[in-house]
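Step one of this worksheet: look at the structure below.
The values are calculated or read from the model by the stated rules, or taken from the named source; none is laboratory data. None of these values were measured; they are calculated from a predicted model. Every residue, glycine as well, gets a Cβ built from its backbone with ideal geometry; the counts of neighbours run over all protein chains shown.
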Amino acid sequence: MPTLPPLLLTSEPGSFAQKTFQTRVPAIIDEVITVNTYPPNIVDALRALRAEIVGGTVQLLREDTADRDLWNAQARAYVGKTWLDLPWYWAEAFFYRRLLEATHYFRDGEWYHRDPYAPIKRAELHPERAPHAVNTMLTHLPTDATRAFDTLMAACVWGNRADLSMRGLIAARPADTAALLVDDRPRVREFLDRAGGRIDVICDNAGVELGFDLALVDFLLRTQRATQIVLHLKPQPTFVSDATPQDVQEVLDAFANVAPPALAQLVQRLVSALNQNQIVLNTHPFWTSGSFFHDMPTDLYDVLARATLVICKGDANYRRLVGDCHWDPTTPFQSAVAHFPAPLVALRVLKSEVVVGLGAGVAERLHAQDPAWCVNGTHGVIQFARPA
């Protein structure tokens, strides 16, 4: 692994990393309290976590859980520091783990394995939201396979705007192919036309985005561009809307409960593929850790190495893929992901300052037009790389 540029830190004045812990994270805690019916002791624990983030110093996990020692071994380097003095990605991951402790997610009792974000996620499954969006896309899907593939790939990119941890921050702008800063769809099509085999998808958000992802999965299987799809999902709730196996089932249930035939047929095919092991749901503790992809454990690395193609979804996964660092945006994508064990396509809307693979002068031009271009969801990338 080559030496990485300096990490993004929550202490950087004016950065989105700093804004995350000054405003976004406290607001997330407030919403979790509001949308759930937690008893006073859990509410108090959440308010204590909020106070720690706003004006206190980093504390360790307390509950005796399987992952406590691993998290605390990393956290000890930051005990005594404020949350505005940490590596950004690690701080976010640790915050979401701390929130699960505060809500008794791992503790026997009423709140055991109760998703604190479930009420927020389920709002996305109302008939007029995710079901309507996916049905509209399916009913207008081109019959030509090439155009259908391109449409579905674009939907999976722009569906990444439906990030429930950033509501109100993502620009309300229609999906626009011209806003793709890198579009490697022709390279991906050419690769899949010659490859086939198993495709792994590192999933991001539930709801609308997961619905589009499942439509792409169905297409890849129907057109025999894949013989099997492995969905890599979070083993526990994190980043508000990140998809878990339970979220897959809830999306299928929501789609099955509405009338349009396109959705009903999609669900029927997906359920059949799940039953026949053509679609496999996988989880791994790594996906909710604070580590980057170049440090993934050997067992997961070996699983991904057996994939014909890996589709990496979303902004947070992109940050973990290249390292949450101050990259020169003209750094070739192939170089930044040289550590990855399989052919790879990243589908991502920009919601952080981390980006590679852009042409010379592109970042400067975009910044002159809109200083928030890299964090407000107005631009996306479809980037393809193959191991050397």
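With free of Cβ contacts under 8 Å to residues at least 40 places away in the same chain and either part of a helix (DSSP H, G or I) or assigned by TED's automatic domain parsing to the domain that holds Pro297 (or both) as the only criterion, which of Ala27, Ala48 stands out? Break it down into steps so the answer makes sense when it comes.
Working: Ala48 fails: free of Cβ contacts under 8 Å to residues at least 40 places away in the same chain.
Unique residue meeting the criteria: Ala27.
Quick check: is even one residue across the stretch 129-138 surrounded by fewer than 16 Cβ atoms within 10 Å (Cβ to Cβ), modelled with pLDDT under 95 and assigned to a loop (DSSP other than H, G, I, E, B)?
no
Filter the stretch 79-93 down to the residues that are within 14 Å of Val25 (Cβ to Cβ) and touching a Leu at 6+ places or on another chain (Cβ under 8 Å) and list them by number. Give the derivation first.
So the first thing to find is which residues in the stretch 79-93 are within 14 Å of Val25 (Cβ to Cβ), and the list is 82-84, 86, 88-93.
Within the stretch 79-93, Leu86, Trp88, Tyr89 qualify.
I'd like to verify a number: residues in the stretch 306-330 that are closer than 20 Å to Arg187 by Cα and of a type in the set (Gly, Ala, Ser), how many?
2
Does Ala273 fit the bill of being crowded, with 23+ Cβ neighbours inside 10 Å and either of a type in the set (Ser, Thr, Tyr) or in contact (Cβ under 8 Å) with a residue 24 or more places away in the chain (or both)?
Values: crowded, with 23+ Cβ neighbours inside 10 Å: no; either of a type in the set (Ser, Thr, Tyr) or in contact (Cβ under 8 Å) with a residue 24 or more places away in the chain (or both): yes.
Taking the combined requirement at face value, the residue does not satisfy it.
Name the one entry in Ala243, Ala256 that is at pLDDT below 95 and either surrounded by 15 or more Cβ atoms within 10 Å (Cβ to Cβ) or not assigned by TED's automatic domain parsing to the domain that holds Val349 (or both).
Numbers: Ala243 fails: at pLDDT below 95.
None of the others qualify; the one that does is Ala256.
Is it fair to say Tyr105 is over 23 Å from Asp30 (Cβ atoms), part of a loop (DSSP other than H, G, I, E, B) and of a type in the set (Ser, Thr, Tyr)?
Working: over 23 Å from Asp30 (Cβ atoms): no; part of a loop (DSSP other than H, G, I, E, B): yes; of a type in the set (Ser, Thr, Tyr): yes.
Spelling it out, it is not the case that Tyr105 is over 23 Å from Asp30 (Cβ atoms), part of a loop (DSSP other than H, G, I, E, B) and of a type in the set (Ser, Thr, Tyr).
Which of the residues spanning the stretch 1-24 are assigned to a loop (DSSP other than H, G, I, E, B) and of a type in the set (Ser, Thr, Tyr)? Walk me through how you get there before you give the answer.
Step one: of the stretch 1-24, the residues assigned to a loop (DSSP other than H, G, I, E, B) are 1-6, 8, 10-15.
Across the stretch 1-24, the qualifying residues are Thr3, Thr10, Ser11, Ser15.
Conditions (1) acidic (Asp, Glu); (2) under 16 Å from Asp204 (Cβ atoms); (3) not in a loop (DSSP other than H, G, I, E, B); (4) not assigned by TED's automatic domain parsing to the domain that holds Phe219, marked per residue:
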site: Gln236; (1), (2), (3), (4): no, yes, no, no
site: Leu263; (1), (2), (3), (4): no, no, yes, no
site: Leu270; (1), (2), (3), (4): no, no, yes, no
site: Leu274; (1), (2), (3), (4): no, no, yes, no
site: Asn277; (1), (2), (3), (4): no, no, no, no
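I'd like to check something: does the stretch 320-327 contain any residue that is among the basic types (Lys, Arg) and either closer than 30 Å to Arg98 by Cα or in contact with a helix residue (DSSP H, G or I) (Cβ under 6 Å, 6 or more places away or on another chain) (or both)? Walk me through how you get there before you give the answer.
Kept after step one, since they are among the basic types (Lys, Arg), are these residues of the stretch 320-327: 320.
Then drop every residue that is not either closer than 30 Å to Arg98 by Cα or in contact with a helix residue (DSSP H, G or I) (Cβ under 6 Å, 6 or more places away or on another chain) (or both), which leaves 320.
Yes, some residue in the stretch 320-327 is among the basic types (Lys, Arg) and either closer than 30 Å to Arg98 by Cα or in contact with a helix residue (DSSP H, G or I) (Cβ under 6 Å, 6 or more places away or on another chain) (or both).
Considering only residues that are more than 27 Å from Asp324 (Cα to Cα) and hydrophobic (A, V, I, L, M, F, W, C), look in the stretch 13-45 and name the one that is surrounded by the most Cβ atoms within 10 Å (Cβ to Cβ).
Residue satisfying both the conditions and the ranking: Ile42.
When you go through (1) modelled with pLDDT under 95; (2) assigned to a helix (DSSP H, G or I) one by one for Ile170, which number turns out not to apply?
(2)
Touching a Leu at 6+ places or on another chain (Cβ under 8 Å) and surrounded by fewer than 19 Cβ atoms within 10 Å (Cβ to Cβ) - does that describe any residue in the stretch 46-60?
Start the filter on the stretch 46-60 by keeping residues that are touching a Leu at 6+ places or on another chain (Cβ under 8 Å), which leaves 46, 49, 58.
Imposing the further condition that a residue be surrounded by fewer than 19 Cβ atoms within 10 Å (Cβ to Cβ) reduces the set to none.
Scanning the stretch 46-60 turns up no residue that is touching a Leu at 6+ places or on another chain (Cβ under 8 Å) and surrounded by fewer than 19 Cβ atoms within 10 Å (Cβ to Cβ).
Could you count how many residues in the stretch 80-128 are modelled with pLDDT under 95, under 17 Å from the mean Cα position of the chain (by Cα) and over 21 Å from Thr34 (Cα atoms)?
Count: 0.
How many residues are more than 23 Å from Lys351 (Cα to Cα) and modelled with pLDDT under 95 if we restrict to the stretch 194-222?
4
Given the criteria surrounded by 19 or more Cβ atoms within 10 Å (Cβ to Cβ), touching a helix residue (DSSP H, G or I) at 6+ places or on another chain (Cβ under 6 Å) and outside any loop (DSSP other than H, G, I, E, B), does Glu250 qualify?
Values: surrounded by 19 or more Cβ atoms within 10 Å (Cβ to Cβ): yes; touching a helix residue (DSSP H, G or I) at 6+ places or on another chain (Cβ under 6 Å): no; outside any loop (DSSP other than H, G, I, E, B): yes.
So Glu250 does not fit the description; no.
Where residues in the stretch 108-117 are free of Cβ contacts under 8 Å to residues at least 12 places away in the same chain and either in a helix (DSSP H, G or I) or acidic (Asp, Glu) (or both), which of them is surrounded by the most Cβ atoms within 10 Å (Cβ to Cβ)?
Glu110
So which helices (runs of 4 or more DSSP H) are wholly in the stretch 315-379 and hold at least 1 residues that are surrounded by fewer than 20 Cβ atoms within 10 Å (Cβ to Cβ), assigned by TED's automatic domain parsing to the domain that holds Phe286 and touching a residue at least 40 places away in the same chain (Cβ under 8 Å)?
Numbers: elements: 315-322, 333-336, 362-369.
Because the criterion is at least 1 residues that are surrounded by fewer than 20 Cβ atoms within 10 Å (Cβ to Cβ), assigned by TED's automatic domain parsing to the domain that holds Phe286 and touching a residue at least 40 places away in the same chain (Cβ under 8 Å), the helices (runs of 4 or more DSSP H) in the stretch 315-379 that meet it are 333-336, 362-369.
What number goes with the only condition from (1) in contact with a helix residue (DSSP H, G or I) (Cβ under 6 Å, 6 or more places away or on another chain); (2) within 20 Å of Pro116 (Cα to Cα) that Leu60 does not pass?
Evaluating Leu60 over (1) in contact with a helix residue (DSSP H, G or I) (Cβ under 6 Å, 6 or more places away or on another chain); (2) within 20 Å of Pro116 (Cα to Cα) leaves (2) as the failure.
Taking Thr34 as the residue in question, decide whether it is outside the structural domain of Pro285 (by TED's automatic domain parsing), part of a loop (DSSP other than H, G, I, E, B) and β-branched (Val, Ile, Thr).
No, not satisfied.
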